[in-house]
Every structure is written in structure tokens, then in C-alpha cells.
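Beneath this line is the structure, given in C-alpha cells, with notes to follow.
The values are calculated or read from the model by the stated rules, or taken from the named source; none is laboratory data. Since we're looking at a predicted model, the values are computed, not measured. Methodologically, a virtual Cβ is constructed for each residue, glycine included, from the backbone with ideal geometry; neighbour enumeration extends over all protein chains shown. Protein only, heavy atoms only, side chains kept; ligands, DNA and RNA dropped before computing areas. Shrake-Rupley method; radii C 1.70, N 1.55, O 1.52, S 1.80 Å.
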Amino acid sequence: MKKEIKVCYIEKLTSVGKEITIEAAGIKITEDSLLLANFIKKILSNRKSGEKSIQTFKTMLEIGAGQGIVSFLVSELENVDKIYAIEVQERIYELLKRNIEENMLEDKIIPVNKDIKDVEGEYSCIFSNPPYRKMESGKLPREEEEIISKYEKLLTLEELFKNIARLLENYGEFFIVIPDYRLNDCFKYIYANRLNVLSLNINKYRKSTLVVLHGKKGGKVNEGIQIY
């Protein structure tokens, strides 16, 4: 049997002065990951918790870290101590781990090879570019890894928000990027799990609209949603 060769390339992340190895097929960097990272940085950078002190996010969690692009970009924030990067697929996890080691970010980004349903702990901020496509929505890719990364095979949006509610500390915040056609589903799951929406960042991308949804656990319901 002919051995399959995986083609990779190096992506330079100039904003953080790092390089990341990306697989060219199936799980490459996409616009939604970049939108998610940029909006997290916009909201959290230099945020004040009082008149003088900067609010620190001691433990952040990424669900579905892939090869690490979002965690890498968020890691440059001075008020972020640790990011636990969760990746369920073992081979992609190995790429993630290698990227962290080669960029000497072991003290800031901790790779974890687990299903999010098996993760424990309490986190101050959770972010994810989740697998938001329904399994029955059109022809599936040939690569199993791409199916798991993009489709609700191992994790549905409903399960995602259940785990966000379970793992987020009181008044902790979350950021999720989704296409606009899944927005109503997300609102339903958010309120079912007693989470709240704080803001929406709406982006036209080619023929679709991508939305970065920002919310928190606790506080008053429907205080008002900021639209960007």
C-alpha cells in the first residue's frame, strides 16, 4: 500500500514573531480563525478591572485548537497567563505540540489531547472555532480529520455550549465564531445553559457572513448586546 504523504507549509505570524507549521490539506488556516483571534485581542487587550489594575485571565481554554493558530495569536496579550489548547485528534495534537515547542511557548500554551467532554477544571475565558456544519449538510470531505474539524461528528454546537457552561468560572467569558445561519441555534443553547451574550462581531466574507459571538457566565440576562 502506498503511504500517504501529508504536505505542510510554514505560516509566519508576524504580530507575535512566531512561525507555525500548517498542513496544506483539510485543516489549514481559515478566515474564521483569524477573525476569532483578532476580536478576542480587541476586546481583552488592556482591559481594566478597576481604575488602575489590568484584568488578568489566568486560565484560558481553547476548544478544538487544531495546529494552534488562535492560541498563538491570543498568547501575545499581556493579561493572559496560560492557555490550555484542547485538541481531540491525536495526529493534529502532535503538530500543535511541535509548534508550541519550536516557538518556545511551553510556559504559556499547554497542549491537551482530550475530548472536551473529559476535560475538568475552571477557566476564566473559553474560545473556539467549533465544528459547526451539520453532518447531513451536503457531501462530506474524504479526510476523516477534516470531517471532525468542520462537522458535528464528535462535538455538536449544543454540546459545545453545555461544556462551556460547565467549565467556565462565574463571570468568565467566551468567544465563538460561527456562520450567521447557525446564530439562532447558538442563542438557544446559550440561554438554555444560563449564559449571556455581550457582543457580536459581524463580518462579510465572500458569499457568507461570519459572526464572532462574545458572552459570559452570570450577570443579568439581556442587558444589551453590542454590535460591531
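Can you give me the % of accessible surface on the range 71-228 that is carbon or sulfur? Probe 1.4 Å, all protein chains present, nothing else counted.
47 percent
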query = Can you pull out the trypsin sites (Lys or Arg not before Pro) in the range 134-228 that DSSP calls coil and that have at most 11 other Cβ atoms within 10 Å?
reply = K139, R142, R194, R206, K207, K220
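Loop-only GluC sites (Glu not before Pro) in the range 127-228, please: DSSP not H, G, I, E or B, and at most 16 other Cβ atoms within 10 Å.
Taking the range 127-228 and a limit of 16 other Cβ atoms within 10 Å, the loop GluC sites (Glu not before Pro) found are E136, E143, E223.
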ask   = Solvent-accessible area per residue for the range 95-186 at a 1.4 Å probe radius, Å²?
value = 50 Å²
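Tell me the GluC sites (Glu not before Pro) within the range 58-100 that lie in a loop according to DSSP and have at most 16 other beta-carbon atoms within 10 Å.
Filter output for the range 58-100: E76, E78.
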